[in-house]
Structure formats: C-alpha cells, structure tokens
Amino acid sequence: MPEYKISRRDKRMIEMSCRFQARDPETLNDDLISNINKMSISRRDARRFLCPSKHIATSTFVIPVTEGAVTGYYFSNPRVAELTGLVPLMVFCHGGGWVFGNMEFYSIFLRHLAEVTECSILLIDYRLSPKYRFPTAVEDCYDALLWAAEGAKYWKTDPDRMFIAGDSAGGALAAVTAMLARDRKGPQLAGQILLYPITDGRLRTNSMVEYRDSPMLNENMLAFYVKNYAREPKDMLSPMFSPLLAQDLSRLPPALIITAESDPLSDDGKLYADALNAAGSKANALMAPGSFHGFMPYKDGTGRKEAECAIAQFISGRSVENIQLCTKRELQRNQKGI
C-alpha cells in the first residue's frame, strides 16, 4: 500500500470529513447515521473548513417522486441573472454512499459552487438507504430532473443548458440519470459532471486495491455502502447501479469527470470516461494530483480550485475535450499565451 503524503491543509479536511462518515462501518447504527445527517455546522467550522458564500439565495421545494416526495434546495445568484439573463442549471445528486447526506454541509458547498460557476444549482435530498434501497435513489433523482426541467421556466434558467451532476455515489446517480433521460426521452442535457464517481459496484479495480485504506474513503466503507444500497447482490450488476456495466453508452451528453489521485474510486472515473468515448459519447477524465476522495467541498482540499475552474469552463460552453485542469489564474495566462 502507498504511504500517503498528507499536507497540513488536507489533514484539516480529513478531520472534518470524519464527522460526516465513519471509517469503521461496524460502529454505525440507524441513530448515529441519522445524527450525522442532521448535524449542524457552526459558522466557525464553516469558515475554517469550507467555503461559505454571501451572495447566493436559497429556496426550498417539495418535489413529488414515485410513492412520495423529496426536498430540493435551490441556489441562485440574483446578480448574475440580472446581468446575463438566463443562466445554466445544474441538478446535483449528493454523495455519501447512498446512506449519508447532510444537507447543511452540501448546501454550503453548492452555494459556493453556484457562485464560482455562475449557474443555479438544485440539490436533491433523495431518499437514503438502507430504508430505501436500490433503485429508489435513482428514480428520485430522475423524477427530480423532470421536475427541474419544468421549473426552469420560472427560475430564469436556460433549458438548453441543463447539467446533471453528482459526487461519489451521487456521481453514479447522475450518470444513471443521464442514461434514463436518454432512454425515457426525458430532458435534453447539456452535460454531466461526475466528481470522483463510483461506476462499478463490484469494487474490483486496480485503484481499489492500491488505495483500499485511503484516509478519506476505504475498502470497508465502500463494501458497507454497496451492501446497504443493494436489495440483493445481483443488483450491483445492473447498469442502473453500476453505469460502467451498461451495454449502451452511446448518445449520452458530454461528461466531465474529475477524479482524485489517492482514491480507491480513481479508476472508476477513468474507466467510465474510456467506455463513453469508445461508445461515441464525449468524455474527459481529469485527475487532480495529490488529492483525496471527497476534496471538492473543502476550502483547503488539494485540487479544489483546479476542479472548480474545470467545471466553470464546462458550464460556460467549452467543449469537454478542451477542458483544462488548472486554476482560474493559470487558465487566463494560458489563454493570453503567457
């Protein structure tokens, strides 16, 4: 196994991430999972670990889904809408192994992402396992996408620039939602943004072996998540569970895939991009050097600024194959030929 070089900044990231998931699944029970998902984040911790935003408005909606309803949190920047008119819309499926999902944590992250990308974002609080097992989360996210497509008429968002996005397990949900939109003749998506996604529930890749004890995500945690999400073992062979196993990956929207270097899921993103490209769909997998799984929400997370810049490029209309993993300042210099 590799010896992880953890910077002082990333140590702070790991410190906070441990509050929102347990490295040892044997310690988990329903009450602890519920407490983690409802945990409040102090202003001090938000400033210290995360990236609070002052200019983003938040609205809350009840979204009807099959046999129930979920909550959607909508983040928008009124100033950008006033200046530019219609803005892009990102529908976001959160991570957490289909088990965890602290909405306060993700709201802070996505308010910041809405600010730096100048788009509006709808966060889906889909129903979690093990109470609601596969494929409930997938269907919730697809129903929410249909609802968001209708909401675009009232939010001053551009229906031609709608993206589906997600991180980790939410990346799998986003990828599958894009496939369902194709197969069920749903909304036309401008792209999919997959942040260190899990794309194969069998957990057999080389990176799964090499980084099985990574400080942000380990082999035991992943096995726990897959076991609790699946109704039965064969579910992980379904393309709605493991999008990498889909027989048809053609005619899908362009995919920007951000992976972390020291991550058991690093190969999942790369292999999915290869499969999309082989099927004729456009994809670009960019690995953030020196980074760990789940780095995007954290102020000091290695790779965060570069990944944000890549997403902003994609949202603004740059073709996925030309996206650069660099900071905003570096991108400006490259464009000027400096």
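Per-residue Karplus couplings for the range 67-77, computed as 6.51 cos²θ - 1.76 cosθ + 1.60 with θ equal to phi - 60°, are listed in order as 6, x, 8, 10, 9, x, 10, 10, 10, 8, 10 Hz, Gly and Pro entered as x. Max-minus-min Cα coordinates of the range 261-321 on each principal axis give 36, 29, 15 Å, with the largest extent listed first. One chain, two ends: E330 and S250. Fully extended at 0.36 nm per residue, the span grows by 25.4 nm beyond their Cα-Cα distance.
Simple spin-label estimate for T60 and R9 gives 3.4 nm between the two label positions (7 Å along the Cα-to-Cβ direction from each Cα). Classified by the C-alpha gyration tensor, the chain has a rounded form. Its axis ratio a/c, with a ≥ b ≥ c, is below 1.5. Could you work out what % of the accessible surface of the chain is carbon and sulfur, using a 1.4 angstrom probe and leaving DNA, RNA and ligands out of the count? Carbon plus sulfur share of accessible area: 48 percent. Using bins of 5 Å that start at zero, the share of Cα-Cα pairs per bin across the range 193-338 amounts to 2, 10, 17, 20, 19, 16, 10, 4, 1, 1, 0, 0, in whole %. Across all directions, the average flat footprint of the convex hull enclosing the Cα atoms of the range 47-101 is 5.8 nm².
From the cross-link list K282/K305; K38/K131; K299/K328; K38/K299; K54/K299, which pairs have alpha carbons spaced over 18 Å apart?
On the way: K282/K305 24 Å; K38/K131 16 Å; K299/K328 16 Å; K38/K299 22 Å; K54/K299 15 Å.
Pairs exceeding the cut-off: K282/K305; K38/K299.
Other residues lying with their Cβ under 10 Å from the Cβ of P253 contribute a combined charge of +3, Lys and Arg counting +1, Asp and Glu -1. Taking a spot 7 Å from the Cα of K227 along the direction of its beta carbon, which residues of the range 116-144 have an amide N less than 19 Å from it? Of the residues in the range 116-144, 129-134 have backbone N under 19 Å from the label point off K227. Computed over protein heavy atoms with a 1.4 Å probe, the accessible surface of the chain works out to 45 Å² per residue. When you filter the chymotrypsin sites (Phe, Trp or Tyr not before Pro) in the range 27-84 for DSSP loop state and at most 10 other Cβ atoms inside 10 Å of their Cβ, nothing is left. Viscosity 1.567 mPa s, temperature 4 °C: give me the Stokes-Einstein translational D for the range 1-150 in µm²/s, with Rh taken as the Kirkwood radius over C-alpha pairs. Answer from the Stokes-Einstein relation: 76 µm²/s.
Using alpha-carbon positions, what is the distance between the centroids of the range 228-296 and the range 80-98, in Å? Between the Cα centres of the range 228-296 and the range 80-98 lies a distance of 21 Å.
Would you mind pulling out the separation of the Cα centroids of the range 36-58 and the range 113-166, in Å? Here the two parts' Cα centres lie 21 Å apart.
When the chain is treated as a Gaussian network with alpha carbon springs shorter than 10 Å, the biggest mean-square fluctuation among K131, K305, K227 belongs to K131.
Peptides 173-180, 160-167 ranked from most to least packed give 173-180, 160-167, packing being the mean of other C-beta atoms within 10 angstrom over each peptide's residues. For the range 288-338, the square roots a ≥ b ≥ c of the C-alpha gyration tensor eigenvalues yield an a/c of 1.5 or more together with a/b exceeding b/c, which makes the shape prolate.
With contacts taken as Cα pairs under 8 Å and at least 6 residues apart, the range 295-338 reaches a relative contact order of 32 percent.
Let's see if you can work this out: charge +1 on each Lys and Arg Cβ, -1 on each Asp and Glu Cβ, no other charges. What is the dipole magnitude of the range 1-88 about its Cα centre, in debye to the nearest 20?
Roughly 780 debye for the range 1-88.
Projecting the Cα atoms of G68, M16, C51 onto the charge dipole of the range 1-99 (Cβ charges, centred on the Cα centre) puts C51 farthest toward the positive pole. So, with +1 on the Cβ of K and R and -1 on the Cβ of D and E, and no other charges, what is the size of the charge dipole of the chain about its Cα centre, to the nearest 20 debye? About 1000 debye. Summing +1 for each Lys or Arg and -1 for each Asp or Glu, what net charge is found among the other residues whose Cβ lies under 11 Å from the Cβ of M236? That works out to +2. The overall shape of the range 132-172, judged from the alpha-carbon gyration tensor, is oblate: a/c is not under 1.5, and a/b is no greater than b/c. Each Lys or Arg adds one and each Asp or Glu subtracts one; over the other residues with Cβ under 13 Å from the Cβ of A144, this totals -4.
Across the range 214-265, Cα-Cα distances exceeding 16 Å account for 58% of all pairs.
Here the Gaussian network model covers the chain, with springs between Cα atoms less than 10 Å apart; of R212, R318, R133, R318 fluctuates the most.
How high is the relative contact order of the chain, in percent, counting Cα pairs under 8 Å that sit 6 or more residues apart?
So the answer I get is 17 percent.
Within the listed set L110, L286, L237, the residue fluctuating most in the Gaussian network model of the chain (springs between alpha-carbon atoms under 10 angstrom) is L237. Rg and Dmax over the alpha-carbon atoms of the range 62-152 stand at 13.7, 44 Å. Looking at the chain, send over the antiparallel percent of its DSSP beta bridges, to the nearest 5. Here the share of antiparallel DSSP bridges comes out near 35 percent.
The values are calculated or read from the model by the stated rules, or taken from the named source; none is laboratory data. Bear in mind that the values here come from a model prediction, so they are computed numbers and not experimental data. So basically every Cβ, Gly included, is an ideal-geometry build from the backbone, and we count neighbours across all protein chains shown. Just so you know, the surface numbers come from the protein's heavy atoms only, side chains and all, with ligands and any DNA or RNA stripped out. Shrake-Rupley method; radii C 1.70, N 1.55, O 1.52, S 1.80 Å.
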